[in-house]
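Participant: Below you will find the structure I want to go over with you.
The values are calculated or read from the model by the stated rules, or taken from the named source; none is laboratory data. Model, not experiment: these values are computed from the prediction. For neighbour counting, all protein chains shown are included, and Cβ atoms are generated from backbone atoms with ideal geometry for every residue, glycine included. Heads up: the accessible areas ignore ligands, DNA and RNA and are worked out on the full protein's heavy atoms, side chains in. Shrake-Rupley method; radii C 1.70, N 1.55, O 1.52, S 1.80 Å.
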Amino acid sequence: MQPDNLHIDTNTTALIVTDIQYDFLPGGALAVEHGDAILDGVAKLMTSGPFRIIVGTQDWHPEGHISFASQHTGIEPFDTLTIHGHEETAWPDHCIQNTRGAELVSDLPWVRVAAIIRKGMDRQADSYSVFRNNWDASGERPRTGLAGYLRERGITTVVLCGLARDVCVFWSAQDAIEAGFATVLAWDLTRAVQPDQDARNRQTLADQGVTIVESKQIFAT
Ligand code: VGL
Ligand code: ZN
């Protein structure tokens, strides 16, 4: 869905700012090309967007995390791994707890953020979405509790931005739909690890009911 007119009700809408951390910016351990190009727009959305509440997310891995290629013999970063029966991507070591690369990028107005959900803390399972971990050893995708937190605060719509468009933002958007939220993705305020997949990913999300917009449409409501 790509509406000309978007209606956002400030009282019931949350902004989710995904994984804006040094390791995902140019020069970082898992740099997303042009990831820094979204910073000004995200800051503007955080400062003057129509939101009741803002939530941040932070990829926050222990050393030796299962998603790191370095933990698997014969596996290079960006190869495919099978973790608990599911194909996932092997990543370079990134966002290790208490390292500079894991810090939230200080240029953004974090003072406005009510809660920061950390994810990827289970050494034995990855976590892309802010709503649910990836599959763990029990075959489940445990919930983070964010859906309940937002619902208790009267939120029915979430607006997503941040990094990476094709990984954590992508999975969060799908899980937001599954959790029953009206879900809006500010496309220009995301960037992808694999931009060559943009068209396909955009179509997949739209087909699942995600409303994909340009951030200027959010200000126009
Ligand atoms: C992410 C890969 C690994 C993300 C996190 O924030 O999109 N991508 N961990
Ligand atoms: Zn990660």
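Participant: Out of region 136-174, which residues are touching a helix residue (DSSP H, G or I) at 6+ places or on another chain (Cβ under 6 Å) and among the charged types (D, E, K, R)?
Facilitator: Of everything in region 136-174, just one residue is touching a helix residue (DSSP H, G or I) at 6+ places or on another chain (Cβ under 6 Å) and among the charged types (D, E, K, R), namely Asp166.
Participant: Exactly one of (1) open to solvent by 30 Å² or more (accessible area, probe 1.4 Å); (2) at pLDDT 95 or above; (3) closer than 18 Å to His86 by Cβ; (4) not in a helix (DSSP H, G or I) is unmet by Gly154. Its number?
Facilitator: (3)
Participant: Checking Ser215 against (1) within 15 Å of ligand 2 (Cβ to nearest atom); (2) touching a Cys at 6+ places or on another chain (Cβ under 8 Å), which test does it fail?
Facilitator: Ser215 satisfies all of (1) within 15 Å of ligand 2 (Cβ to nearest atom); (2) touching a Cys at 6+ places or on another chain (Cβ under 8 Å) except (1).
Participant: Suppose we keep only residues that are open to solvent by 60 Å² or more (accessible area, probe 1.4 Å) and hydrophobic (A, V, I, L, M, F, W, C) within region 172-221. Which one would you say is farthest from Asp126 (Cα to Cα)?
Facilitator: Among residues in region 172-221 that are open to solvent by 60 Å² or more (accessible area, probe 1.4 Å) and hydrophobic (A, V, I, L, M, F, W, C), the one farthest from Asp126 (Cα to Cα) is Ala220.
Participant: I need the full set of residues from region 162-191 which are within 12 Å of ligand 1 (Cβ to nearest atom) and either more than 14 Å from the chain's Cα centre (by Cα) or assigned to a strand (DSSP E or B) (or both), in order please.
Facilitator: Matches in region 162-191: Gly162, Leu163, Thr190, Arg191.
Participant: Any residue at all in region 32-55 that's within 16 Å of ligand 2 (Cβ to nearest atom), open to solvent by less than 20 Å² (accessible area, probe 1.4 Å) and not small (Gly, Ala, Ser)?
Facilitator: Checking region 32-55: at least one residue is within 16 Å of ligand 2 (Cβ to nearest atom), open to solvent by less than 20 Å² (accessible area, probe 1.4 Å) and not small (Gly, Ala, Ser).
Participant: Could you please find all residues in region 122-175 being of a type in the set (A, V, I, L, M) and within 16 Å of ligand 2 (Cβ to nearest atom)?
Facilitator: Selection gives Ala125, Val130, Leu163, Ala164, Val167, Val169.
Participant: In region 63-74, what residues are on the phi < 0 side of the Ramachandran plot, free of Cβ contacts under 8 Å to residues at least 12 places away in the same chain and more than 14 Å from ligand 1 (Cβ to nearest atom)?
Facilitator: Matches in region 63-74: Thr73 only.
Participant: Among the residues of region 37-62, which ones are within 15 Å of ligand 1 (Cβ to nearest atom) and charged (D, E, K, R)?
Facilitator: Asp59
Participant: For region 194-202, state whether one or more residues are touching a residue at least 60 places away in the same chain (Cβ under 8 Å), more than 20 Å from Gly154 (Cα to Cα) and part of a helix (DSSP H, G or I).
Facilitator: So far as region 194-202 goes, yes, one or more of its residues are touching a residue at least 60 places away in the same chain (Cβ under 8 Å), more than 20 Å from Gly154 (Cα to Cα) and part of a helix (DSSP H, G or I).
Participant: Listed residues Asp9, Asp23; which is crowded, with 23+ Cβ neighbours inside 10 Å and either in contact with an Asp or Glu (Cβ under 7 Å, 6 or more places away or on another chain) or not aliphatic (A, V, I, L, M) (or both)?
Facilitator: Asp23
Participant: If I go through region 62-105 residue by residue, how many of them are within 18 Å of the chain's Cα centre (by Cα), closer than 14 Å to Asp122 by Cα, open to solvent by 20 Å² or more (accessible area, probe 1.4 Å) and not hydrophobic (A, V, I, L, M, F, W, C)?
Facilitator: 1
Participant: Please count how many residues of region 111-144 are of a type in the set (Gly, Ala, Ser), modelled with pLDDT of 95 or more and surrounded by fewer than 14 Cβ atoms within 10 Å (Cβ to Cβ).
Facilitator: Total meeting the criteria: 1.
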